[in-house]
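The values are calculated or read from the model by the stated rules, or taken from the named source; none is laboratory data. Remember, it's a predicted structure, so these values are computed and weren't measured experimentally. Note: ideal-geometry Cβ built from the backbone for every residue, glycine included; neighbour counts use all protein chains shown.
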Amino acid sequence: MTSKLWWKDGVIYQIYPRSFADSNGDGVGDLAGITAKLDYLAELGVDAIWLSPIYPSPNVDFGYDVSDYVDIHTQFGTLEDFDRLTAEAHRRGIRVVLDMVMNHTSDQHPWFQQSRSSRDNPYRDYYFWRDPKPGNKPPNNWLSVFGEEGWVPDPATGQMYFHMFYREQPDVNWRNPAVRREMLDVFRFWLERGVDGFRLDVFNSFFKDADLKDNPTTLFGIRAFERQRHIHDIDQPEMMPLLQELRSLLDSYPERYAVGETFLASAEKAAQYCGPDKLHGTFNFELLQSRWSPRAFIRAIQRWEQALAADTWPTWVLNNHDNRRSATRYGGGEKDDRLKIAAALMLTQRGTPFLYYGEEIGMRDIHVPYREIQDRLGKKYWPIVPGRDGCRAPMQWDASPNAGFSPAGVQTWLPPHPNYGMRNVEAQRADPNSLWHFYRKLIALRRESAALREGMFIPLTFDTYFILGYLRQTSDETMLVALNFSGRRKRLVLGGKLASVNWEMLLSSKREQMSPLRGGLVALEPYEALILRQVH
């Protein structure tokens with residue numbers, strides 16, 4: 001893992017296309033809008049963009065219900081627009097990663113329309129159709145994670161089909177060789193168009209138990225889905241040969257990449273699916289789910305590193321399209337001090353960092369009144385569980401109407417956050433002390449430092465409440481990262497040989513410069529992120 005690769009050494013930036021930039025004034029972001037913002041992304045310093053689904057879709061789950069895998073939703077543009085985006089991104093040294101949603105299709109996909117037409121249709125076995133049990137009861141006890149019954153009756157054919165998510169998202173039967181061929185051909189289609197990588201949505205759910213055996217139940221869990229041990233509807237052994245076949249396909253093209261969203265993930269589960277003959281990386285969300293605590297963060301980091309084999313590579317994420325933004329979870333009003341700490345933490349780890357659009361300016365979740373909620377899951381669990389609309393609001397480009405996302409007078413698909421007048425890209429680019437500039441400096445520093453990208457992680461603090469300190473070290477470079485999670489001044493005490501080392505400051509969230517440091521104490525300002533390099 002020593003050769004330099006874009007996916008290994010770079011930073012990947014997730015774009016939710018509906019919310020990034022609206023080029024045609026219809027209130028929805030599109031591919032031309034993304035293309036127009038590529039210079040911004042190059043200036044920020046990211047190495048790749050990951051696009052949430054852009055395929056034709058009825059938008060029951062906003063693109064995660066695909067009705068055609070080899071075309072572009074008309075809201076976003078055309079295949080020609082996509083080709084233009086890819087070419088312009090590549091011209092700037094930015095790679096393109098597509099979201100692949102292959103556990104299920106939309107119920108409007110031609111495969112499913114054929115499948116449900118009759119019991120003897122050639123596409124019938126593309127999905128999970130079974131006779132109900134006596135009393136019109138489901139074939140087994142599998143459930144939908146979205147709180148619905150997992151099996152839907154179909155009066156026309158007298159059978160039921162299974163869905164892990166919404167009923168409009170029927171699960172695909174990957175045991176059918178025809179399905180496997182069709183899906184791998186989808187990868188080939190986009191690889192031939194120049195796509196550099198893929199993010200696999202809930203990939204470890206692709207295979208189900210061949211006999212559809214019931215899941216064991218448990219007494220623990222708030223929802224019925226959580227009161228099952230999911231040993232028959234996910235994580236089946238047939239997944240490994242498929243990943244090997246996919247990796248072989250990707251390796252037949254230069255520098256292609258795949259990262260998987262591990263469903264019901266733990267560090268140990270996510271780790272088993274990545275390696276030289278499997279996926280290049282998988283998502284483990286423990287860092288994202290950590291509370292504001294040095295202890296919680298370092299434990300998440302160490303669990304992930306310890307779970308991974310020596311020839312595998314971590315991923316790191318603090319935000320995505322399914323979770324409340326880190327600025328909402330950690331920010332505290334409109335202050336960004338904590339967000340600089342979180343950014344320094346993630347961008348100084350060994351592995352591939354994933355940013356989420358607007359993270360670099362500290363976008364907060366919007367509040368959406370019940371009558372205006374777009375996310376069906378948000379409506380179902382309102383007001384107990386916040387929906388996903390909050391983290392999907394339009395990108396805040398400037399202080400003009402609609403935050404510069406759409407022209408003035410246009411009703412955007414979700415409203416921009418009311419704070420866009422003061423929190424936007426234009427304002428932060430003009431402020432040298434802004435969160436945006438801190439992200440940009442961090443990304444640039446990471447690019448220059450082999451120790452930060454791939455060096456050993458050596459913790460200097462362990463069970464503390466206020467400070468996190470660690471070394472990132474290669475044979476010829478040692479970096480010291482000191483993070484003060486407290487609103488008070490703190491000191492990091494360096495022991496042993498470190499006490500006599502000379503250090504120079506490379507980056508701080510609180511000061512422009514400091515005298516060369518020698519000695520066993522590192523003084524930290526309130527909420528300071530400090531990165532030092534050993535001077536030889």
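Taking the criterion of being under 24 Å from the mean Cα position of the chain (by Cα) and in a helix (DSSP H, G or I), the residues of region 154-184 that qualify are MET183, LEU184. The sole residue among GLN302, GLN289, GLN306 that is within 16 Å of the chain's Cα centre (by Cα), surrounded by fewer than 19 Cβ atoms within 10 Å (Cβ to Cβ) and either farther than 15 Å from MET346 by Cβ or of a type outside the set (Val, Ile, Thr) (or both) is GLN289. Only a single item in (1) outside any loop (DSSP other than H, G, I, E, B); (2) within 25 Å of ASP251 (Cβ to Cβ) is not met by VAL46, and it is number (1). Of the set (1) touching a residue at least 40 places away in the same chain (Cβ under 8 Å); (2) in contact with a Pro (Cβ under 9 Å, 6 or more places away or on another chain); (3) not aliphatic (A, V, I, L, M), all apply to TRP316 but (1). Residues in region 468-506 that are among the β-branched types (Val, Ile, Thr) and over 27 Å from the mean Cα position of the chain (by Cα): THR474, THR478, VAL493, VAL501. Restricting attention to region 413-451, the residues that are of a type in the set (A, V, I, L, M, F, W, C) and closer than 20 Å to LYS8 by Cβ add up to 6.
Checking each residue in region 275-312 for being basic (Lys, Arg) and part of a helix (DSSP H, G or I) picks out ARG295, ARG299, ARG303. Scanning region 194-243 for residues that are exposed (fewer than 15 other Cβ atoms within 10 Å of the Cβ), touching a helix residue (DSSP H, G or I) at 6+ places or on another chain (Cβ under 8 Å) and either of a type in the set (A, V, I, L, M) or at pLDDT 95 or above (or both) yields THR217, LEU219. Mind checking which residues of region 46-96 are among the hydroxyl-bearing types (Ser, Thr, Tyr), more than 17 Å from ASP107 (Cα to Cα) and crowded, with 17+ Cβ neighbours inside 10 Å? Answer for region 46-96, where residues must be among the hydroxyl-bearing types (Ser, Thr, Tyr), more than 17 Å from ASP107 (Cα to Cα) and crowded, with 17+ Cβ neighbours inside 10 Å: SER52, THR86. THR86 meets each of the listed conditions (1) polar (S, T, N, Q); (2) under 22 Å from the mean Cα position of the chain (by Cα); (3) part of a loop (DSSP other than H, G, I, E, B) apart from (3).
Kindly indicate whether PHE146 is modelled with pLDDT under 95 and either under 21 Å from LEU243 (Cα atoms) or under 23 Å from the mean Cα position of the chain (by Cα) (or both). Yes: the conditions hold for PHE146. Exactly one residue among THR315, THR348 is buried (at least 21 other Cβ atoms within 10 Å of the Cβ), in contact with a Phe, Trp or Tyr (Cβ under 9 Å, 6 or more places away or on another chain) and closer than 27 Å to MET239 by Cβ, and that residue is THR315. Among the residues making up region 408-459, those that are in a loop (DSSP other than H, G, I, E, B) and either crowded, with 19+ Cβ neighbours inside 10 Å or among the aromatic types (Phe, Trp, Tyr) (or both) are THR412, TRP413, LEU414, PRO416, HIS417, ARG423, ASN424, SER434, SER449, GLY455. Considering (1) touching a helix residue (DSSP H, G or I) at 6+ places or on another chain (Cβ under 8 Å); (2) outside any helix (DSSP H, G or I); (3) within 25 Å of ASP389 (Cα to Cα), the lone condition that ASP71 does not fulfil carries the number (3). Being more than 19 Å from the chain's Cα centre (by Cα) and at pLDDT 95 or above is a property that does not hold for VAL317. Within region 399-407, one or more residues are on the phi > 0 side of the Ramachandran plot, crowded, with 23+ Cβ neighbours inside 10 Å and of a type in the set (Gly, Ala, Ser).
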